[in-house]
Amino acid sequence: MTAVGIDAIEIWTGNLKLDLPGTFAPAQGEDPEKYTKGLGLNASSFPDSYEDIVTMGANAAHRLMERKGLEPDDIGRIDVATESAFDNSKPVSTYVAGCLEQVYGEDFHHANKGERKFACIAGTQSLDDAYNWIRAGRNRGRSALVIATDTALYARGDAGEATQGAGAVAMLISEDPDLVELSTEQGYGSADETDFLKPNQQFPSVDGKRSVQVYLARMREALADFESVAGDSHPDQYAYIPFHTPFPGMVRKAGLLVYRHMIRDTSIEDDLAEEIGRQPRAEAFDDDEAFHNALREYMDKLKETDTYQEWYEATIDPTLTLSREVGNWYTGSVHVARVSALKHGLENDLDLTGSKLLVGSYGSGAQAEGHAETIQDGWEAEIEALNVDEQLESRYDMSWDDYEEIHDVHNHDMDVDVEEFTSPESEFVFDGWGRMGERKYRYVE
């Protein structure tokens, strides 16, 4: 069976930066470590006044196509995943295609276009759709373009304000991929939840404590479902485990949960038993509360062991490096985590070809998905071609006054005209409004 997976990937980060410990914390009268150690974040990326989800998505897609030497005829499908859409009818993918047509002089009229919505998991769902489209033989030798693009903006003063971020990830899904092959096995955990939602509003309504609980519960279900088809997982089985990363502090909890699950009834649990005891089993307790209290106590001990901390440092922490600098990208966050992991492998000269990733995606509302990916021969060249470090370094570092202005610019309920902080170059920009209220875009050389 021909391999299908991610052939290439590109990242486009917003052109502005908010320094959390240096700028946000002092303005809030907070200890900077609340953000750097608590949330695990150093900075957030933001779009300039001429940027939005279309420009970021189109810029990432354009760079990917140019690097791979692709023309519109090579693309048979364009899917955009976002929870920052601004139209309930016209999909963002049509805007992105319109942008790309400006620079290629050819059209994407033959390409199937769509927009996916299921909070942050929609990017992975779009990946699945593209995979299935190719597997079904409907692609006619063409590739799919999957774009996850979001501006994660919260109301001023909201508890989630420090986790904001903006950017896009573009992925080329093809046969015989150079980056990773997707597995056929998937696992899901899904339930009707109201942990995070936007009922006809721009800013989310969030139950923070509940959101963490739902995230972990669905991840646990997805892992169990994945193992029902793929077999039991082991901590040493995966080079990295990229999770959806609303903020790195959330992933610390997920990593511990997954590790505890994977070591159950293994030699690792046996070896740790002398130090912290064996994992509690539900059948040994008279009620759920007693069992859960014992389980929490065990996990508190587990996370302090050298065995766990060494595994976390090698398998989970490398997936968080980029997220610490850009914040939450909603649909793109787990795909940023994948890039961060592979970038770590490249920078540390690791031989990852043939190694596996276990990808844990999540979307509020709520659903988690787990699937495995096998790293391919061409992964090093693909990751080396990224310029994400240069993008991060070149961002404009906003003052607090700058941040207040740009937040107002991207607040749909406000009509604010602010001079751009950066000068666009070789990128798509927002260019005003059309006669029916549509957004217009142009390419700046």
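Worth a mention:
- Inter-centroid distance (Cα atoms) of segment 237-304 relative to segment 349-380, Å: 21
- Prolate/oblate/rounded call for segment 401-445, Cα gyration tensor, a/c under 1.5 rounded: oblate
- Each peptide in 1-8, 251-258 gets a packing score, the mean of other Cβ atoms within 10 Å over its residues, and the list from highest to lowest is 251-258, 1-8.
- Where both bridge residues fall in the chain, DSSP classifies roughly 75% of the beta bridges as antiparallel.
- Computed over the chain, relative contact order equals 25 percent, with contacts defined as Cα pairs under 8 Å that lie 6+ residues apart.
- With the charge dipole of the chain set up from +1 on Lys and Arg Cβ and -1 on Asp and Glu Cβ about the Cα centre, the Cα lying farthest toward the positive end among the listed residues 186, 374, 424 is that of 186.
- Dipole of the chain computed with +1 at Lys/Arg Cβ and -1 at Asp/Glu Cβ about the Cα centre; of 88, 358, 72, farthest Cα towards the positive end is 88.
- Debye, to nearest 20: dipole size of segment 277-405, +1 on Lys, Arg Cβ, -1 on Asp, Glu Cβ: 560
- Set of aspartates and glutamates with alpha-carbon distance to residue 198 below 18 Å, sequence-local pairs under 8 removed: 83, 87, 115, 150, 158, 161, 207, 413
- Taking 109, 244, 412 and ordering them by how much accessible surface each has at a 1.4 Å probe, largest first, produces 109, 412, 244.
- Radius 10 Å from Cβ of residue 106, net charge of other residues (Lys, Arg +1; Asp, Glu -1): -4
- The lysines within cross-link reach of residue 343, meaning a Cα-to-Cα straight distance under 21 Å and a gap of 8 or more places when in the same chain, are 68, 356.
- A Cβ-based charge dipole, computed about the Cα centre of the chain with Lys and Arg at +1 and Asp and Glu at -1, lands at about 1100 debye.
- The alpha carbon gyration tensor of segment 213-310 gives principal lengths a ≥ b ≥ c with a/c below 1.5, which makes the shape rounded.
- 222 nm mean residue ellipticity, helices alone, for the chain (DSSP H n ≥ 4; -39,500 (n - 2.57); rounded to 500): -11500 deg cm²/dmol
- Near residue 315, once Lys and Arg are set to +1 and Asp and Glu to -1 for all other residues with Cβ below 12 Å from its Cβ, the sum equals -3.
- Segment 105-225 shape via C-alpha gyration tensor axes, a/c threshold 1.5: oblate
- Degrees separating the helix 122-135 axis from the principal Cα axis of the chain, which is the longest one: 80
- Computed from phi, the 3J(HN,Hα) profile of segment 93-102 under the Karplus parametrisation 6.51, -1.76, 1.60 (θ = phi - 60°) reads 4, 5, 4, 4, 4, x, 4, 5, 5, 5 Hz, with x in place of Gly and Pro.
- Cβ-based net charge around residue 369, under 14 Å, with every Lys or Arg adding one and every Asp or Glu removing one: -3
- Partner lysines whose Cα lies under 19 Å from the Cα of residue 303, excluding those fewer than 8 positions away in the same chain, are identified as 37, 253.
- Between the alpha-carbon centres of segment 4-20 and segment 115-161 there is a gap of 14 Å.
- Short-range pairs are left out: with C-alpha atoms under 8 Å and at least six residues apart, the relative contact order of segment 29-101 is 33 percent.
The values are calculated or read from the model by the stated rules, or taken from the named source; none is laboratory data. None of the values given here were measured: they were computed from a predicted structure. With ideal geometry, Cβ positions are generated from the backbone for all residues, glycine too; neighbour counts draw on all protein chains shown. Accessible surface areas use protein heavy atoms only, side chains included; no ligands, DNA or RNA. Shrake-Rupley method; radii C 1.70, N 1.55, O 1.52, S 1.80 Å.
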